[in-house]
Amino acid sequence: MDESSGAGAAPAAAGAAPDADAAPGRVLVLVNPSSGKGRAAKAAPIVVQRFQQRGFEVVTLIGSDFYDALSRLRHALDAGPTAAVVSVGGDGTVHLCLQAVAGTDVPLGIVPGGTGNDNATMHGSIDDPDKSATQLAEALVRGRVRTIDAGHAVSADGISRWFLGVLSSGFDSMVNERANRMSFPTGQSRYVAAILAELRVFKAVPYIMVLDEGTPNELREEKRGMLVAVGNGWQYGGGMKVCPSAKYDDGLLSVTFLDELPTRTFLRVFPRVFKGTHVERPEVHEHTAASVRLDAPGQVAYADGERIGPLPVEIKVVPGAVRLLAPKPEHAAS
C-alpha cells in the first residue's frame, strides 16, 4: 500500500436514509489504492456509501505499506466495537485484513479491486464494486455470515501469518521472488518476464514434506519436486486451480505435489492448472492433512500471493477461524 492516510469516519452520504431494520455499528473499510491499477481507489467511495445507506458508521483506512496498514487496522479494532472489516483491493488486501480478524468474531467482507481476486472469486463476490458492496451491506444487516477455516503458517524466520487461499513453494514462489527484484517492465509484463527468466534456470527442489506429524496418519516424503501447494482454498494466481479438491470448511488442508519434470514436460503440465486437470497427471500427487511441515534449501513460501518467509515452514489448518460476510444467501452457513 503506497498511500498514507489517517483513519477517519467518512461523512454521511447525501440523501441517504438508513433502513428501519439497519443493524447499528461501525464498519472498517481497508483500501489499497494501488490495487488493480487504481481500481480499488475508485471503488472505495462506492463501498463507503453503500454501508452508510444501511445505517453503519464507516471508518476508511489506508496505510503506507503492509505493516502500517495492519497497525492502523488493529488500532481501529481496539478502539471500539466493530460490526465488520471490509477489504477493498486484491488478494494481498484480503490477506492483510485476515491477520487482524482471524480468530475473532468480527466478520470479513471482500470487495474485489485487484488483478487476480482469487479469494473474492472463491467466495462468490461479484466483480462489480457497487453490486458487491450492496450485497455485503445487506449480508451484514441480515446476519448472513459463513464460518470457514483458515490456514496458519510460521516460517523459519519466525514470521507468523494466516492465509485464506493457497500457500506455495517452488517454481511459482521463485517467480514471485524474481519479479519482486525487477524494476522493469511493470505490471503483468514483469510477471511474464520473470516466468520466462526463471524457466531458464529453475531446477527441481529437494523437499522434505511431513503431513500430520506425530499422529497415526503421519506421512513423510523426501523427494525432488517442481512445486508444492498447500490449499485452504483451491485457486491462486488469477484462476489457477492448483488444489482443486480443497474445501474451506472441512478442517483439512489440500496438498498438491508436482514431481521433478523436464522443462518441456513441465510446460505441458502447468497450463492444465487453470482447469484443475493437472491432478490427473501421474506426476501430480494430492494429499489431505491437518498439518504440513515443508522444508527445502533456498526456498521461500508465499501465501495469498504475499511473501511469508524462508522454509522450513510449519502449516496448520484452524477450523472455523474466520467469519465471512456471505454475498448471497446460498453462500451463508445453513
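Read-outs throughout are calculated quantities, based only on the coordinates presented, and are distinct from any laboratory measurement. Remember, it's a predicted structure, so these values are computed and weren't measured experimentally. Methodologically, a virtual Cβ is constructed for each residue, glycine included, from the backbone with ideal geometry; neighbour enumeration extends over all protein chains shown.
Numerical summary
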| quantity | calculated |
| --- | --- |
| Hull-based mean projected area of segment 153-321, where the convex hull spans the alpha carbons, in square nanometres | 9.6 |
| Alpha-carbon gyration tensor eigenvalues x 5, square-rooted, for segment 213-313, Å | 20, 17, 15 |
| Long-range Cα-Cα pairs in the chain (distance over 33 Å), rounded percent | 27 |
| Degrees between helix 187-201 axis and first principal axis of the chain (Cα, 0 to 90, nearest 10) | 10 |
| Sequence of SER173, SER87 once ranked by neighbouring C-beta atoms within 10 Å, starting from the fewest | SER173, SER87 |
| Cα-based reach from LYS42 at 18 Å (exclusive), listing aspartates and glutamates while leaving out same-chain residues under 8 positions away | ASP2, GLU3, ASP91, ASP127, ASP128, ASP130 |
| Anchor LYS316: lysines whose Cα lies under 18 Å away (excluding residues fewer than 8 positions away in-chain) | LYS247 |
| Rounded to the nearest 20 debye, dipole of segment 153-321 from Cβ charges on Lys, Arg, Asp, Glu | 740 |
| Helix 171-181 vs. the chain, principal-axis angle (Cα, 0 to 90°, nearest 10) | 60 |
| Cα-centred dipole magnitude for the chain, charges only on beta-carbon of K, R (+1) and D, E (-1), debye, nearest 20 | 740 |
| C-alpha long axis of helix 66-78 to longest principal axis of the chain, angle in ° | 50 |
| Highest-fluctuation residue, LEU267, LEU136, LEU253 considered, GNM on the chain with Cα pairs under 10 Å | LEU267 |
| Dipole magnitude of segment 99-216 about its Cα centre (Cβ charges: Lys, Arg +1; Asp, Glu -1), debye to nearest 20 | 300 |
| Aspartates and glutamates whose Cα lies under 19 Å from that of LYS223, excluding same-chain neighbours fewer than 8 positions away | ASP172, ASP212, GLU213, ASP259, GLU260, GLU283, GLU286, ASP295, GLU314 |
| Listed residues PRO129, PRO319, LEU98: farthest to the positive end of the dipole of the chain (Cβ charges) | PRO129 |
